[in-house]
There are 2 protein chains.
Amino acid sequence: MTDSSGDKIADDTFMVRPDPTNPKLTERVSGVDQNGNPIETSVTVERPLTLFLNGREIVTMMTICDYPDYLAVGYLLNQNMIHPDDEVTGIDYDEEIETVVVRTATETDFEEKLKKKTLTSGCAQGTVFGDVMEKFETVKLNQEAVLKTSWLYALTKTINTTPSLYLEAGAIHGCVLCDADKPLLYMEDVGRHNAVDKVIGRAFMDGLVPLTDYVLVVSGRVSYEIVAKAISACVGAIVAVSGPTTLAVDTARRHDLLLVGFARDDRMNIYSGGQWVNS
Amino acid sequence: MTDSSGDKIADDTFMVRPDPTNPKLTERVSGVDQNGNPIETSVTVERPLTLFLNGREIVTMMTICDYPDYLAVGYLLNQNMIHPDDEVTGIDYDEEIETVVVRTATETDFEEKLKKKTLTSGCAQGTVFGDVMEKFETVKLNQEAVLKTSWLYALTKTINTTPSLYLEAGAIHGCVLCDADKPLLYMEDVGRHNAVDKVIGRAFMDGLVPLTDYVLVVSGRVSYEIVAKAISACVGAIVAVSGPTTLAVDTARRHDLLLVGFARDDRMNIYSGGQWVNS
């Protein structure tokens with residue numbers, strides 16, 4: 001495999017990678033440029049997807065909708081609405097009515113909780129926040145997580161030269177689950193949180209969660225939400241292209257999660273945790 | 001006023017501008033760099049803020065929390081939970097318990113709607129989405145909105161050289177409400193949607209909504225959510241530094257909202273609506 005300059009790049013280790021040629025994920029949109037000349041560009045799609053868990057409507061998400069099944073399962077796991085030991089018996093996506101239904105073998109305890117709390121709180125979002133925080137206290141991360149500088153250089157190069165919707169159309173974020181210097185699952189979406197949910201959903205369905213030996217590389221910034229999702233799935237380390245927020249750093253430190261920011265070319269900042277090896 | 005190169009820049013027309021020297025908005029965080037040397041950098045704060053409307057808990061937002069009052073009112077307006085003709089009788093922010101309560105003269109009809117719908121739908125997010133779409137059909141935008149290339153150049157220069165949390169710490173998005181080539185309200189937040197909510201909340205409290213004669217400049221991408229908020233406040237035009245999604249373009253076109261993307265230096269793409277003048 002070669003990149004656009006013809007250089008040979010790392011052997012392809014991707015289990016899932018972006019498919020910028022999928023006609024469902026971009027549209028050609030016409031407009032004019034700064035001189036009034038007609039232009040036509042690729043624009044990333046965005047569609048609503050309403051998620052149901054066992055007949056209960058949970059949320060409407062805006063997504064490119066390439067993997068509604070992984071997104072649904074990842075979201076429910078990361079919101080603590082289903083647990084790693086719940087048996088998922090079916091995932092039905094209906095493209096026409098833009099819904100995805102996740103079914104579990106037994107009713108999850110989340111549904112009973114939600115039923116009670118919405119009567120008093122109006123919206124599940126605040127409730128979920130509290131609930132996810134509760135789960136955190138019991139999460140055990142891999143405090144021996146190791147990250148090598150050389151892996152990071154290799155990963156960044158491979159990810160940046162892999163054909164993607166980002167390179168094709170922009171206006172999108174990416175998330176890549178990596179095993180040492182090997183990128184495995186590379187997903188993109190209009191929201192960074194969706195990309196993370198899809199990666200974790202797929203990893204769960206492949207039996208890889210808890211992800212203690214894996215590194216999650218994310219485009220852009222790291223807010224609390226991304227760290228929370230990573231801790232939920234027991235990820236070994238987070239590497240971000242841009243900077244973190246204070247709450248992201250504090251939460252990572254409380255759980256000794258290895259958190260790297262501003263990872264660009266041969267530079268990076270390590271804010272928290274784990275074992276980092278400069279080799 | 002001069003920028004960092006000493007050039008004179010536009011007279012300061014800001015009613016609100018970022019305050020990167022506010023010690024509540026950044027923290028000094030220590031870490032190590034790629035060579036293992038200790039570093040200390042400014043990191044943007046992120047805090048939870050739980051919003052109540054007349055005693056009903058609505059949502060918990062993650063924010064830098066510089067303007068909880070504008071954020072609360074802007075969010076409620078943009079979600080169609082309060083209306084421009086509702087009288088806001090009080091906004092109480094409690095820093096210690098991280099809550100903000102918005103009170104209106106009469107109970108808003110939203111609360112009754114929410115009470116009914118949460119029983120069947122579980123979470124208000126899906127509900128709200130439908131509701132906001134309903135409101136759209138009645139929104140009248142300024143189809144004569146005019147945007148001049150020269151304004152855009154002036155705005156971009158002023159905004160980029162104004163001291164900000166972005167320049168200080170990164171990991172943040174900005175939104176600027178402008179009157180022709182004059183930036184008026186420049187807000188930043190860890191989520192772009194919060195920055196937009198704060199700007200619209202403040203504009204509403206100043207009696208400027210509907211914003212038919214104003215331009216909203218946003219950092220980064222334009223997704224459906226941003227266009228929806230802009231249409232809710234009847235903004236004249238949206239200018240984004242990065243690209244739009246298809247749903248953002250489609251929605252802008254349906255309402256003849258002037259939508260400009262990839263506005264960088266002397267380049268831009270015009271995707272939709274309004275009157276654009278190359279002068």
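Worth pointing out:
- Members of the stretch A:70-100 that are within 11 Å of A:Leu51 (Cβ to Cβ) and surrounded by fewer than 19 Cβ atoms within 10 Å (Cβ to Cβ): A:Ile91, A:Tyr93, A:Glu98, A:Thr99
- Of the criteria (1) surrounded by 24 or more Cβ atoms within 10 Å (Cβ to Cβ); (2) part of a loop (DSSP other than H, G, I, E, B); (3) out of contact with any Lys or Arg (no Cβ under 7 Å at 6 or more places or on another chain), which one B:Asn194 fails: (2)
Yes/no matrix, rows are residues, columns are (1) within 21 Å of A:Tyr224 (Cα to Cα); (2) buried (at least 22 other Cβ atoms within 10 Å of the Cβ); (3) without any contact (Cβ under 8 Å) to a residue 40 or more places away in the chain:
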site: B:Thr158; (1), (2), (3): no, yes, no
site: B:Glu168; (1), (2), (3): yes, no, no
site: B:Ala171; (1), (2), (3): yes, yes, no
site: B:Leu184; (1), (2), (3): no, no, no
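- Contact map, the stretch A:210-227: residues that are farther than 25 Å from B:Ala169 by Cα and free of Cβ contacts under 8 Å to residues at least 40 places away in the same chain paired with residues that are surrounded by fewer than 24 Cβ atoms within 10 Å (Cβ to Cβ) and not basic (Lys, Arg), Cβ distance under 8 Å, separation 6+ or inter-chain. Pairs shown: A:Leu211/A:Cys234; A:Tyr214/A:Asp179; A:Tyr214/A:Leu184; A:Tyr214/A:Leu208.
- Taken over the stretch B:64-89, the criterion of being among the charged types (D, E, K, R) and in a loop (DSSP other than H, G, I, E, B) is satisfied by B:Asp66, B:Asp85, B:Asp86, B:Glu87.
- Only one of B:Ala263, B:Ala252 that is touching a Gly at 6+ places or on another chain (Cβ under 8 Å), under 21 Å from A:Arg28 (Cβ atoms) and of a type in the set (A, V, I, L, M): B:Ala252
- Of all residues in the stretch B:235-251 being touching a Phe, Trp or Tyr at 6+ places or on another chain (Cβ under 7 Å) and more than 11 Å from chain A (Cβ to nearest Cβ), the one that is surrounded by the fewest Cβ atoms within 10 Å (Cβ to Cβ): B:Gly236
- Check on A:Lys229, out of contact with any strand residue (DSSP E or B) (no Cβ under 7 Å at 6 or more places or on another chain), surrounded by 23 or more Cβ atoms within 10 Å (Cβ to Cβ) and either more than 25 Å from A:Arg47 (Cβ to Cβ) or at pLDDT 90 or above (or both): yes
- Verdict on B:Thr156 being under 30 Å from A:Gly243 (Cβ atoms), out of contact with any strand residue (DSSP E or B) (no Cβ under 6 Å at 6 or more places or on another chain) and modelled with pLDDT under 90: yes
- Looking across the stretch B:173-227, the residues that are within 14 Å of another protein chain (Cβ to nearest Cβ), β-branched (Val, Ile, Thr) and closer than 25 Å to B:Arg253 by Cα come down to B:Val218, B:Val222, B:Ile226, B:Val227.
The values are calculated or read from the model by the stated rules, or taken from the named source; none is laboratory data. Please read all numbers here as calculations on a predicted model, not as lab measurements. So basically every Cβ, Gly included, is an ideal-geometry build from the backbone, and we count neighbours across all protein chains shown.
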